[in-house]
1. For the structure I just gave you, tell me whether residue 226 is away from the ligand (no atom under 15 Å from the Cβ) and in contact with a strand residue (DSSP E or B) (Cβ under 6 Å, 6 or more places away or on another chain).
2. Select from segment 37-62 the residues that are in a loop (DSSP other than H, G, I, E, B) and within 15 Å of the chain's Cα centre (by Cα) and write down the one among them that is farthest from residue 246 (Cα to Cα).
3. Which of the residues spanning segment 95-140 are among the aliphatic types (A, V, I, L, M), assigned to a helix (DSSP H, G or I) and touching a helix residue (DSSP H, G or I) at 6+ places or on another chain (Cβ under 7 Å)?
4. Of the residues in segment 5-28, how many are in contact with a Leu (Cβ under 7 Å, 6 or more places away or on another chain), under 29 Å from residue 255 (Cβ atoms) and away from the ligand (no atom under 16 Å from the Cβ)?
5. Kindly indicate whether any position in segment 29-36 is farther than 24 Å from residue 168 by Cα, away from the ligand (no atom under 16 Å from the Cβ), touching a residue at least 24 places away in the same chain (Cβ under 8 Å) and in contact with a Pro (Cβ under 7 Å, 6 or more places away or on another chain).
6. Among helices (runs of 4 or more DSSP H) lying entirely in segment 141-255, which contain 2 or more residues that are modelled with pLDDT of 95 or more and closer than 18 Å to residue 40 by Cβ?
7. Tell me whether segment 19-36 contains one or more residues that are within 22 Å of residue 107 (Cβ to Cβ) and either part of a loop (DSSP other than H, G, I, E, B) or modelled with pLDDT under 95 (or both).
8. Residues that are under 19 Å from residue 233 (Cβ atoms), surrounded by fewer than 16 Cβ atoms within 10 Å (Cβ to Cβ) and out of contact with any His (no Cβ under 6 Å at 6 or more places or on another chain): does segment 123-136 have at least one?
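The values are calculated or read from the model by the stated rules, or taken from the named source; none is laboratory data. Model, not experiment: these values are computed from the prediction. We place every Cβ from the backbone using ideal geometry, glycine too, and count neighbours over all the protein chains shown.
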Amino acid sequence: MKEFLIAGNWKMYKTKAEARAFAEELKAMNLPNASSVAIMAPFTQLDTLVEAFKGTGIKVGAQNVHYEKEGAYTGEISVDMLKEIGVDYCVVGHSERRQYFGETDETVNRKLKVLIDAGITPILCVGETLEQRNQGMPQIVIGNQLTHDLAGLTEDEVRHLVIAYEPIWAIGTGVTATPEQAADMCGFISGMIEGLFGEVCMSRVKILYGGSMKPENAEELLSQPSINGGLIGGASLKVDKFAEIAIEADRLSKL
Ligand code: PGA
């Protein structure tokens, strides 16, 4: 039976009141696979969601963290602060952070380490630009990112990771990778984890696809053997759409 993770990434959307309303609606739907569902929310909405989802199995995650334990880093949030709220996941290396906020493979690497140490599951994002894909080298780009992002991590640490393949050209554009393109790259990532850290580790690491996933394309993407779930931006803002994807994952997991 395939175990999916259906993770919403709210980005910089939703106030506390909107988050609370979403959570109440989602809870009322009694998702059959609630424990495979998670929401990555803005920092200020995390405690609201953790409280609202208590006892439901639905998980909550942050979208970023600082790599130092504490210190003079104005505007940053530490892993202990996230831990105290009780989040289960944290997105690391999203392409929007790499593009707009100077996230590098080195900072990603340090963030992965502090999160794993704290027992928070990182959702590591990797992906290529359209230009890189057109030059015929998505595997080289992703291979490079993974090699640097995972540098110095042990097999025991890497098995706690979730990795999201998010082609940059598909994020928020409405253009989705074809199921074959998505499956190919997720398979490539899985092969790389196996090569670097062994088969047992590879079998534990969930690989998600992200980039304009929505109810209309969820089935064809999620039914690919190498894809274990989705990181969903736009379609996670509407509770009905998000739930539809989660319910599709539940159906597929029982086939
Ligand atoms: P999208 O975003 O679903 O809106 O394309 C995905 C993401 O950035 O994680």
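1. Details: away from the ligand (no atom under 15 Å from the Cβ): yes; in contact with a strand residue (DSSP E or B) (Cβ under 6 Å, 6 or more places away or on another chain): no.
Spelling it out, it is not the case that residue 226 is away from the ligand (no atom under 15 Å from the Cβ) and in contact with a strand residue (DSSP E or B) (Cβ under 6 Å, 6 or more places away or on another chain).
2. In the first step, residues of segment 37-62 are kept if they are in a loop (DSSP other than H, G, I, E, B); the result is 41-42, 53-58.
So of that shortlist, the ones also within 15 Å of the chain's Cα centre (by Cα) come out as 41-42, 58.
Working: 41: 17, 42: 21, 58: 11 Å.
Top of the filtered list is 42.
3. Residues of segment 95-140 among the aliphatic types (A, V, I, L, M): 108, 112, 114-116, 118, 120, 123-124, 126, 130, 137, 140.
Narrowing the set further to residues that are assigned to a helix (DSSP H, G or I) leaves 108, 112, 114-116, 118, 130, 140.
Scanning segment 95-140 gives 108, 112, 114, 115, 116, 118, 130.
4. Of the residues in that region, 0 qualify.
5. The first filter runs over segment 29-36 and keeps only residues farther than 24 Å from residue 168 by Cα, leaving 29-36.
If we keep only those that are away from the ligand (no atom under 16 Å from the Cβ) too, we end up with 29-36.
With touching a residue at least 24 places away in the same chain (Cβ under 8 Å) added as a condition, the list becomes 29, 31-36.
Subset that is in contact with a Pro (Cβ under 7 Å, 6 or more places away or on another chain): none.
No: segment 29-36 contains no residue that is farther than 24 Å from residue 168 by Cα, away from the ligand (no atom under 16 Å from the Cβ), touching a residue at least 24 places away in the same chain (Cβ under 8 Å) and in contact with a Pro (Cβ under 7 Å, 6 or more places away or on another chain).
6. Values: elements: 155-158, 179-197, 199-204, 215-222, 239-253.
Here the list reads 239-253.
7. Initially, segment 19-36 is screened for residues within 22 Å of residue 107 (Cβ to Cβ), giving none.
No.
8. So far as segment 123-136 goes, yes, one or more of its residues are under 19 Å from residue 233 (Cβ atoms), surrounded by fewer than 16 Cβ atoms within 10 Å (Cβ to Cβ) and out of contact with any His (no Cβ under 6 Å at 6 or more places or on another chain).
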